[in-house]
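The next block holds one structure in the form of structure tokens; read it before the comments.
None of the figures in this text is laboratory data; all of them are computed from the coordinates on show. Since the model is a prediction, treat every value here as computed from it, not as a measurement. When we count neighbours, we look across all protein chains shown, and the Cβ atoms used for this are built from the backbone with ideal geometry, even at glycine.
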Amino acid sequence: MTLVDLVVLAVVALAAWRGWRRGGTSLVLSLAGAVLGVIAGAAIAGWWDAASTPLLIACVLVAGLIGLGLGRRLADTLAARAGGRYARPVLVDRIVGVVAHGGLALVVCVLAGAAAMAVGPAWASRAAEGSGVLTTAADHLPTPAQVAGQVPGLERVTAIGADR
């Protein structure tokens, strides 16, 4: 167990605790809205001008942010009907919160580790490579190419970084 492993586990534990306290409905609906927005943005860009990569990136970003906002708004509406945003979440919502917040924190830690390995200093790269938690989690996450293959047009976005 390295120091990086301990830091990652602490971050995931804090996020899971926050998910227990706040519930997971808002996070899940916001992320679902963002994912649907990205898919819709890629479809719109392909329909509008399939050859324009800048248009694709703009459509994906804008539609993703709109979807994120709509998902958040839906979560707020549901919370208002249930007695308020900060009402005590029920057990199912708490469990969803633990899984969603903890999982998102782990994915963010994996992305930070990958960024450290790609462009960080040598000590950060070695520390991320030596982390058993980060490498195990990364082995179980889909690659960008696998994700892009599921959404029309996104393979061009992931190819932009590969051209360099």
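Below are the figures for this structure:
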read-out: Relative contact order %, the chain, counting alpha carbon pairs below 8 Å whose residues are six or more apart; value: 34 percent
read-out: At R0 = 25 Å, FRET efficiency that the Cβ-Cβ distance of LEU65 and VAL99 yields, to 0.05; value: 0.55
read-out: Calculated P(r) over Cα pairs in 10 Å bins from 0, in percent (choose from (1) 11, 28, 31, 25, 6, 0; (2) 11, 41, 37, 11, 1; (3) 10, 38, 36, 15, 1), label; value: (1)
read-out: Kyte-Doolittle mean at least 0.5, axial Cα span of 18 Å or more - DSSP H helices of the chain; value: 3-22, 25-48, 53-81, 91-119
read-out: Label-point separation in nm, LEU141 to LEU111, each point 7 Å along Cα→Cβ; value: 0.8 nm
read-out: The range 25-88: C-alpha pair distances exceeding 20 Å, %; value: 37 percent
